Amino acid sequence: MAKITLDNLAHSYLPNPQKEDDFALKELNHDWVDGEAYALLGSSGCGKSTLLNIISGLLIPSQGRVLFDGKDVTTAPTADRNIAQVFQFPVVYDTMSVRENLAFPLKNRRMDTAEIKRRVQKVAAMIDMEAQLDHKARGLTADAKQKISLGRGMVREDVNALLFDEPLTVIDPHMKWELRTQLKKLHQDFGHTMIYVTHDQTEALTFADKVVVMYDGRVVQIGTPQELFERPAHTFVGYFIGSPGMNLFDAQIDGNTARVGDATVQLDGNYAATGKTQLGVRPEFIRLSSGGGGIPAKVTRVEDVGRHKIVRLDVAGTQINAVAGEGEAIPADTDRITFASGGVNVYADDWRITPRGTAA
Amino acid sequence: MNKTVNQKAWFLVLPVLILVAFSAVIPLMTVVNYSVQDTFGNNQFFWAGLAWFDDMLHSDRMWNALGRQLMFSAIILAIEVPLGIFVALNMPKKGFWSSFCLVVMSLPLLIPWNVVGTIWQIFGRVDIGLLGYTLDALGIDYNYTQNTLHAWITVIVMDVWHWTSLIALLAYAGLRSIPDAYYQAAKIDQASRWAVFRFIELPKMAGVLMIAILLRFMDSFMIYTEPFVLTGGGPGNATTFLSIDLVKMALGQFDLGPAAAFSLMYFLVIMAISWVFYTVMTTLDKRDGK
């Protein structure tokens with residue numbers, strides 16, 4: 001187990017990167033605290049897997065260093081890093097039985113036979129495959145194979161970190177839930193540093209203590225699920241996390257007021273904003289009203305998704321979403337929206353800014 | 001569903017039937033015909049029963065040719081398969097050099113058999129051939145026309161030169177179909193190079209390798225042109241393989257009856273071995289599917 005430090009790390013797949021766009025992973029400094037569970041969240045192609053492969057040593061970064069507990073391992077081969085990694089698509093050794101597959105990483109480390117047996121048995125119970133231990137791996141279904149891949153990742157107890165690269169993509173939904181719970185339990189039992197790559201926000205938010213959101217090769221925010229929800233540091237975080245995502249209103253910021261179209265919105269602090277300024281408001285913080293103050297809006301559709309209702313509104317040509325409780329009636333004469341206090345974030349050029357005189 | 005019965009549809013199959021009849025069935029039946037008859041010339045034939053088959057089964061000549069043939073096929077498979085795999089494993093994975101290797105390696109496969117024989121026939125000559133002259137200059141008494149061992153070595157090296165590419169290309173295709181994740185997972189699991197080969201590459205290549213072995217076995221078992229051009233079956237009968245012997249018997253000595261019986265048995269042997277291969281391959285597939 002180790003603290004993993006990324007120091008000035010960046011990677012480009014081009015031999016000679018010139019400008020920032022050439023980098024698949026933009027410059028990054030971060031400490032992965034020993035024993036925490038992280039989720040690496042972002043849409044496809046944003047550099048998540050690149051980052052993971054650099055940590056595990058499958059890829060050597062173009063610049064910067066990777067440190068395990070302060071020891072430079074940037075160019076060290078995977079074998080020296082003692083890391084377990086599980087990939088998106090199942091990798092099993094076809095000609096081996098399930099038992100041999102699970103024992104393989106231990107055997108390669110010349111571990112004692114009795115110890116191998118004990119751990120294989122334990123992992124088999126964890127992935128619920130005790131009955132199939134002596135089957136050949138080649139005949140199994142895709143999700144059984146992926147469970148074996150997961151098992152091979154978990155069978156080593158002394159690893160520095162456990163990395164998961166979207167491991168549950170091919171697994172059935174009900175099994176997904178179960179395996180994720182197992183992973184969480186494994187984390188609690190052994191306290192490994194875990195990094196879990198996914199593009200599924202539910203998976204990220206339920207699995208991790210800290211969520212790292214990546215966008216376009218850059219880490220845009222690292223925070224607890226609550227921080228990501230309440231204070232998205234970048235408009236992408238607001239849009240990506242939450243269902244539906246955060247609403248954005250183009251606005252002119254002037255001190256503690258913002259003008260959205262013809263309406264004026266009171267802000268809870270003094271902002272000095274330049275560039276493209278926007279207000280970000282989550283659907284949960286939008287209140288519907290009729291007459292009086294607020295931003296003119298027209299209800300276009302109401303969708304009942306079971307536990308709550310999603311109200312689609314038209315505000316000066318852009319679509320805005322609001323969330324209303326299941327029992328709540330949507331008045332037919334709704335023509336205004338207002339923002340609940342504490343639910344408004346101010347963005348300048350897509351990055352969240354804080355009021356003057358306060359810390360982030 | 002109701003099937004429409006229309007006997008006229010048979011006419012659609014007729015062209016194929018006629019073609020196959022003239023190209024395969026009728027010639028084969030002619031051979032069968034010869035194999036059960038004897039003649040003293042004058043185009044007069046009379047019934048001989050299974051006498052020729054009996055003769056052939058007790059003929060040292062045929063058993064010796066079969067022995068040489070099996071030894072030849074076994075030796076070239078034992079060299080070409082591991083060598084082909086080794087070459088495939090060491091070929092560049094992508095880029096210019098990978099295409100370059102593919103083209104260079106395909107070249108021997110494109111050369112006609114008799115040209116291959118001629119190339120090696122001249123290559124091995126002590127007076128003007130590069131190989132023969134060099135060996136001679138090095139003080140090695142090399143002479144493939146006189147020395148049985150040298151003749152065998154030359155024939156085998158020629159076949160290896162001609163056909164290893166085929167195995168290498170098929171193995172390479174098999175290797176390319178393995179996703180990167182397998183190699184990455186193996187690195188994470190700290191698998192040795194040998195373990196990667198044994199547990200990832202070999203199982204993934206098994207299918208194409210079986211086909212490669214089957215193709216090479218059949219081809220080598222029927223080999224005629226190359227050794228015929230190179231050694232003419234000599235020295236003595238040292239490199240007279242089955243088909244060379246068959247042609248000698250049928251066209252050289254004009255012993256049509258024994259030659260026909262011989263070729264039918266030859267045909268059956270190839271059928272039998274191919275059937276075994278086929279059965280093994282399909283059971284392997286079934287095991288995969290389960």
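Every number in this text was worked out from the coordinates using simple rules, so none of it is lab data. Because the structure is a prediction, the values reported are computed rather than measured. In this analysis, Cβ positions are derived from the backbone assuming ideal geometry, glycine residues included, and neighbour counts consider all displayed protein chains.
Dipole of region B:60-254 computed with +1 at Lys/Arg Cβ and -1 at Asp/Glu Cβ about the Cα centre; of B:Val229, B:Thr239, B:Val196, farthest Cα towards the positive end is B:Val196. Report the one residue of A:Gln266, A:Pro167, A:His30 whose Cα lies farthest in the direction of the positive end of the charge dipole of chain A (charges on C-beta: Lys and Arg +1, Asp and Glu -1; origin at the Cα centre). The residue sitting most towards the positive pole is A:Pro167. Computed from backbone phi, the HN-Hα couplings of region A:183-200 come to 4, 4, 5, 4, 5, 5, 5, 10, x, 5, 6, 10, 10, 10, 8, 7, 10, 9 Hz, rounded to whole numbers (Karplus: 6.51 cos²θ - 1.76 cosθ + 1.60, θ = phi - 60°; Gly and Pro given as x).
The relative contact order of region B:53-155 comes to 10 percent, based on Cα pairs under 8 Å that sit 6 or more residues apart. For region B:1-97, chymotrypsin sites (Phe, Trp or Tyr not before Pro) are listed when DSSP marks them as loop and at most 15 other Cβ atoms sit within 10 Å of their Cβ; the list is B:Phe40. Each principal axis of the Cα atoms in region A:270-358 has its own extent, and those three values, largest first, are 41, 25, 21 angstrom. Measuring nothing but alpha carbons in region B:1-60 and taking Rh as the Kirkwood radius, the Rg to Rh ratio lands at 1.31.
Residues in region B:70-86 near a label at B:Tyr224, defined as backbone nitrogen under 19 Å from the 7 Å Cα→Cβ point? So the set is B:70, B:72-73. Across the cross-link table entries A:Lys3/A:Lys26; A:Lys26/A:Lys147; A:Lys147/B:Lys94, which are compared at the Cα atoms, the separations over 23 Å belong to A:Lys26/A:Lys147; A:Lys147/B:Lys94. Amide H contacts for A:Thr257 (H built 1.01 Å from N in the peptide plane; partners 5 or more residues away or on another chain; cut-off under 5 Å): A:Leu267.
For a modelled paramagnetic label at A:Tyr239, 7 Å from Cα along Cα-to-Cβ, the residues of region A:24-67 in reach, with backbone nitrogen under 12 Å, are A:43. Our coupling estimate for region B:155-164, obtained by passing each phi through the Karplus curve with A = 6.51, B = -1.76, C = 1.60 and θ = phi - 60°, is 4, 5, 4, 4, 5, 4, 4, 6, 10, 4 Hz, Gly and Pro reported as x. As a rough footprinting exposure proxy, the listed residues A:Leu58, B:Leu19 were ranked by other beta carbons within 10 Å of their own, and the order from fewest upward is B:Leu19, A:Leu58.
A straight Cα-to-Cα reach below 16 Å connects A:Lys276 with the aspartates and glutamates A:Asp250, A:Asp254, A:Asp349, A:Asp350, residues fewer than 8 places away in its own chain not being considered. Projecting the Cα atoms of A:Ile286, A:Gly238, A:Val211 onto the charge dipole of chain A (Cβ charges, centred on the Cα centre) puts A:Val211 farthest toward the positive pole.
Going from the fewest other Cβ atoms within 10 Å to the most, the residues A:Cys46, B:Cys101 appear in the order B:Cys101, A:Cys46. Label-to-label distance, A:Asp158 versus B:Ser177, with points set 7 angstrom from Cα along the beta-carbon direction: 4.0 nm. Extension gain for the segment A:Asp189 to A:Val305, taken as residue separation times 0.36 nm less the Cα-Cα distance, is 38.1 nm to one decimal.
Taking amide H as placed 1.01 Å from N in the peptide plane, the amide H of A:Ala37 sits under 5 Å from that of A:Met194, A:Asp209, A:Lys210, each at least 5 places away or on another chain. For B:Ala78 and A:Thr113, the FRET efficiency from 1/(1 + (r/R0)^6), where r spans their Cβ atoms and R0 equals 51 Å, is about 0.90.
The lysines within cross-link reach of A:Lys298, meaning a Cα-to-Cα straight distance under 18 Å and a gap of 8 or more places when in the same chain, are A:Lys309.
Using the number of other C-beta atoms within 10 angstrom as an exposure proxy, rank A:Leu6, A:Leu248, A:Leu102 with the fewest first. So the ranking, lowest neighbour count to highest, is A:Leu248, A:Leu6, A:Leu102.
A Gaussian network model of chain A, with springs between Cα atoms under 10 Å, assigns the largest mean-square fluctuation among A:Gly64, A:Gly261, A:Gly317 to A:Gly317.
Just to confirm my numbers, what's the Cα centroid distance between region B:82-159 and region A:312-341 in Å? Cα centroid of region B:82-159 versus Cα centroid of region A:312-341: 81 Å apart.
For chain A, the relative contact order comes to 16 percent (Cα pairs under 8 Å, sequence separation of at least 6). Net charge dipole, the protein assembly as shown: roughly 540 debye, given to the nearest 20, about the Cα centre with Cβ charges of +1 for Lys and Arg and -1 for Asp and Glu. Taking trypsin sites (Lys or Arg not before Pro) as exposed when DSSP calls them loop and at most 16 other C-beta atoms lie within 10 angstrom, chain A has its longest site-free stretch at A:111-275.
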